[in-house]
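Asker: What follows is a single structure, and I will ask about it in a moment.
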Amino acid sequence: MKPKKISVSGLFEMNVQYKIPLFQRYYVWGKDAQWELLWDDIVRQHNSHTQEKSSAHFTGAIVMQQQNTLAGDFPQYDIIDGQQRLTTFQIILCAIRDICVENNHTEMASDVRHYIQNQGKKGEVLKGDARYKLIPTKRDRDSFISLVNDRVDQCRGIIDETYSYFYDQIREYVDMDKEKIHSLFLCIKDHFRFVLIPIDETDRPEKIFESLNARGKKLFEFDLLRNNLFLRAREDRDSLYEKSWQHFEDPYWAREVTKDETFSDIFLQHFLMAKLRTESVKPEFLTYERKYLPELKQRGDTTIEDEFSDLKRYSEVYQQITDCENDSQLENRMRFYQTFNLTTLHPFVLYLTCEVGLKGRQLDRVLHILESYTIRRMLCYRGKGGLKNFNKFFASLIKRLGDNFSLGSFIEYLSQETSRTNKYPTDSEIRSTLHTRFERNPLPFPDSTTLVFPGDRLVRAALEGLWAETAGAIKQRLIRYILYRIELRKMKEDKFAEPLSFEDNLTTLEHIMPKEWMKTWSLPVGEGSVKYDTETRRVSVNRAVGCKDMLYDDLFSDRARVINAREGLADKSYEDVYNLAVARDSSLESIGNLTLVTRELNSKLGNRTFAAKKEALGKHSLLKLNAEICEEDVWDVNEIHGRAEGLIADFCEIWPSLDWFGGE
């Protein structure tokens, strides 16, 4: 490489053609980050220019590779880096030309056009593509060509937005002053300069992209891979682009997930994780070049066409995994992960579909196991926190199963995991997590300083009373989703039911017995109305016996002087009723006491009595879950317990245990 300085004039005054290769990204500069800064530089440089104290303004670097041409043809170059700058200056020159035309500065407009279009020996504009000094990528080409050919009305998209911005700025700045627009034109073409870096076949342009992009938009990992692939493709570039790369130009892949990575970068990360069977692949392009390519070379029969083909094949599956817009087998199964924005399993699903080649019933079975495994872990082990080691775990699973994957070995591998980090939660753990249980003398949950090795009773106490903590920060959304899927299951049994979507305004969980039940929900008081079973450790209510109703506060004589509420009961016969009150509190967060309603209906229900809630649910809700609640005459711990058992059974049928899969 022999860099040299060159001005806008030096780039465009002679007949020349700069081509943006098919594989290059399209024009992406924008107002805040690039246009405004460049315009400020132009105004500042022009003011210095008019005061005769200006020096050249360095605008960035351009990397280009000269192409072979026939004798007598003008030179042609592929722009490896710098297309954003070249495109922007061509658009600015078009804006100056049009302002000159608008103000009848015909001769000046002709001078400007000389820097936009190639011309013959007698000044005539050349025909066909030969007339254009710059040929952009396909996405921008039609709009850019329309602009160069004085057809601004046919210009669209980002090219049109760029033109409009600079046209407005220049028009306002020169204010129809012929001398000012002429000096601005001279300033731009003579005082804005670049470092021109010509490269040959021995240079590695992808290695210098980042350092040269001073004011340009960051080149992401997938950009580096794209450039490397096409530079190695040489004469096959056009056919490979059309066959295997064109779909990557869709905005779907260019979405910026963070300031440091696009959606295509995440795809590349998951592609490499599936291929290399490891969770550590950053930075992705370096990993591709230093780890993945050597593996391909060891096989000896892999070509550049194979690299393109593999990326396309994986990306088509990846789009199904992440889009979930159609009713294919894969997309239906992946909607669960889309709902919770979970991507940790994507590399493993790529491995299953693209490497192992699973399909049909066997693929559905494995995806069913994965979904069950994931939601059970989220429920029992701190929500998404329960998935924090999934990348490492499933990378090791890919490595272990390799090319000899089988359903049996997959289930066996999962069943062998006993650590809290990776184990597959059992039905008993699910039951304890979804449904709390009252104990007369519950074992206190210790703080972390006393917890050394928890015994069975301690673990059960933690699991049965703390589902809200074990499910983590997404507890409400997770339980909402579980109830939604159970509702879908019930609807499928009724061919007349209307379709339901998780986002169909089912935005809140309703506590049927409200959290503040003590204010409005009375307790039955009378001999035999409330019983505590020491064997089952359950409180039950028998409303068939004659009893009166009392609010919670009426159970106590003088609560102000009582430390332990049980000791302040007005009558010793209220002991079992007090147990019922404690049992109610223990059951509030049970899934048996929760249902789905709209936000508006949730506000309407509030702390009303069960009779009032039942009437409102029957009038306003079409859900089968709520219709079943409305069949009850009363609502207390018995009903909550019975409903919880039914919902837990539904859960375990939708998301079965490993034993169920292994026994089929």
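The values are calculated or read from the model by the stated rules, or taken from the named source; none is laboratory data. Keep in mind the model is a prediction, meaning the values are calculated, not measured. We place every Cβ from the backbone using ideal geometry, glycine too, and count neighbours over all the protein chains shown. Remember, those area values only see protein heavy atoms, side chains included, never the ligands or the DNA or RNA. Shrake-Rupley method; radii C 1.70, N 1.55, O 1.52, S 1.80 Å.
Asker: Suppose the filter is within 43 Å of the chain's Cα centre (by Cα), farther than 19 Å from Asp168 by Cβ, of a type outside the set (Val, Ile, Thr) and open to solvent by 20 Å² or more (accessible area, probe 1.4 Å); does Phe58 pass it?
Answerer: The answer is yes for Phe58.
Asker: Anything in the range 507-527 that is within 48 Å of the chain's Cα centre (by Cα) and either without any contact (Cβ under 8 Å) to a residue 40 or more places away in the chain or under 13 Å from Tyr578 (Cα atoms) (or both)? List them, or say none.
Answerer: Across the range 507-527, the qualifying residues are Met518, Ser522.
Asker: Could you list, in sequence order, all residues of the range 109-120 that are part of a strand (DSSP E or B) and open to solvent by 20 Å² or more (accessible area, probe 1.4 Å)?
Answerer: Result: Gln119, single match.
Asker: Tell me, please, whether a residue that is touching a Cys at 6+ places or on another chain (Cβ under 7 Å) and open to solvent by 10 Å² or more (accessible area, probe 1.4 Å) can be found in the range 29-45.
Answerer: Scanning the range 29-45 turns up at least one residue that is touching a Cys at 6+ places or on another chain (Cβ under 7 Å) and open to solvent by 10 Å² or more (accessible area, probe 1.4 Å).
Asker: Going through the range 337-362 one residue at a time, which ones are assigned to a helix (DSSP H, G or I), without any contact (Cβ under 8 Å) to a residue 40 or more places away in the chain and either within 13 Å of Phe267 (Cα to Cα) or within 20 Å of the chain's Cα centre (by Cα) (or both)?
Answerer: Answer for the range 337-362, where residues must be assigned to a helix (DSSP H, G or I), without any contact (Cβ under 8 Å) to a residue 40 or more places away in the chain and either within 13 Å of Phe267 (Cα to Cα) or within 20 Å of the chain's Cα centre (by Cα) (or both): Tyr337, Gln338, Val349.
Asker: With the structure loaded, tell me whether Ser264 is within 25 Å of Asp236 (Cα to Cα) and of a type in the set (Ser, Thr, Tyr) or whether it fails that test.
Answerer: yes
Asker: From the list Thr106, Thr88, which one is hydroxyl-bearing (Ser, Thr, Tyr) and open to solvent by 40 Å² or more (accessible area, probe 1.4 Å)?
Answerer: Answer to the check: Thr106.
Residues are listed down the side, and each one gets a yes or a no for (1) at pLDDT 95 or above; (2) out of contact with any Leu (no Cβ under 7 Å at 6 or more places or on another chain):
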| residue | (1), (2) |
| --- | --- |
| Gly82 | no, yes |
| Thr87 | yes, no |
| Glu102 | no, yes |
| Ser110 | no, yes |
| Asn118 | no, no |
| Lys122 | no, yes |
| Lys127 | no, yes |
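Asker: Now for a separate question. Which one of the conditions (1) of a type in the set (Gly, Ala, Ser); (2) part of a helix (DSSP H, G or I); (3) at pLDDT below 90 does Ser264 fail to meet, given that it meets all the rest?
Answerer: Checking Ser264 against (1) of a type in the set (Gly, Ala, Ser); (2) part of a helix (DSSP H, G or I); (3) at pLDDT below 90, the one that fails is (3).
Asker: Of all the residues that make up the range 396-406, how many are open to solvent by less than 40 Å² (accessible area, probe 1.4 Å) and either touching a Gly at 6+ places or on another chain (Cβ under 8 Å) or at pLDDT 85 or above (or both)?
Answerer: 4
Asker: Another question, if that's okay. Give the range 269-284 a look and list any residue that's open to solvent by less than 50 Å² (accessible area, probe 1.4 Å) and either more than 21 Å from the chain's Cα centre (by Cα) or aliphatic (A, V, I, L, M) (or both), or say none.
Answerer: Selection gives Leu272, Met273, Ala274, Lys275, Leu276, Thr278, Val281.
Asker: If you go through the range 307-322, how many residues are farther than 13 Å from Arg226 by Cα and open to solvent by less than 20 Å² (accessible area, probe 1.4 Å)?
Answerer: 4
Asker: Return the residues of the range 582-602 that are over 17 Å from Tyr481 (Cα atoms) and basic (Lys, Arg); say none if nothing qualifies.
Answerer: Arg584 - this is the single residue of the range 582-602 that is over 17 Å from Tyr481 (Cα atoms) and basic (Lys, Arg).
Asker: Can I ask one more? In the range 544-563, how many are modelled with pLDDT under 85 and in contact with a helix residue (DSSP H, G or I) (Cβ under 8 Å, 6 or more places away or on another chain)?
Answerer: 5
Asker: Can Arg420 be described as modelled with pLDDT of 90 or more and surrounded by fewer than 19 Cβ atoms within 10 Å (Cβ to Cβ)?
Answerer: It is false that Arg420 is modelled with pLDDT of 90 or more and surrounded by fewer than 19 Cβ atoms within 10 Å (Cβ to Cβ).
Asker: Follow-up. Being over 24 Å from Phe58 (Cα atoms), β-branched (Val, Ile, Thr) and under 46 Å from the mean Cα position of the chain (by Cα) is the filter here, so list the residues in the range 89-121 that pass it.
Answerer: Answer for the range 89-121, where residues must be over 24 Å from Phe58 (Cα atoms), β-branched (Val, Ile, Thr) and under 46 Å from the mean Cα position of the chain (by Cα): just Ile99.
Asker: Take the range 287-298 and flag every residue that is open to solvent by 60 Å² or more (accessible area, probe 1.4 Å) and within 24 Å of Phe394 (Cβ to Cβ).
Answerer: Arg290, Lys291, Glu295
Asker: Taking Gly357 and the conditions (1) loosely packed, with under 15 Cβ neighbours inside 10 Å; (2) closer than 30 Å to Asp659 by Cα; (3) at pLDDT below 90, which numbered condition does it fall short on, given that it satisfies the others?
Answerer: So the condition that Gly357 fails would be (3).
Asker: Something else: Would you list the helices (runs of 4 or more DSSP H) that sit entirely within the range 546-664 and hold 2 or more residues that are of a type in the set (A, V, I, L, M) and surrounded by 15 or more Cβ atoms within 10 Å (Cβ to Cβ)?
Answerer: Of the helices (runs of 4 or more DSSP H) lying wholly inside the range 546-664, those with at least 2 residues that are of a type in the set (A, V, I, L, M) and surrounded by 15 or more Cβ atoms within 10 Å (Cβ to Cβ) span 575-587, 599-605, 610-620, 624-630, 637-654.
Asker: Which of the residues spanning the range 490-533 are modelled with pLDDT under 90, under 24 Å from Leu623 (Cβ atoms) and either of a type in the set (S, T, N, Q) or part of a helix (DSSP H, G or I) (or both)?
Answerer: Lys490, Met491, Lys492, Ser501, Asn505, Thr507, Thr508 - these are the residues of the range 490-533 that are modelled with pLDDT under 90, under 24 Å from Leu623 (Cβ atoms) and either of a type in the set (S, T, N, Q) or part of a helix (DSSP H, G or I) (or both).
Asker: Mind counting the residues in the range 258-268 that are buried (at least 23 other Cβ atoms within 10 Å of the Cβ) and among the acidic types (Asp, Glu)?
Answerer: So the count comes out to 1.
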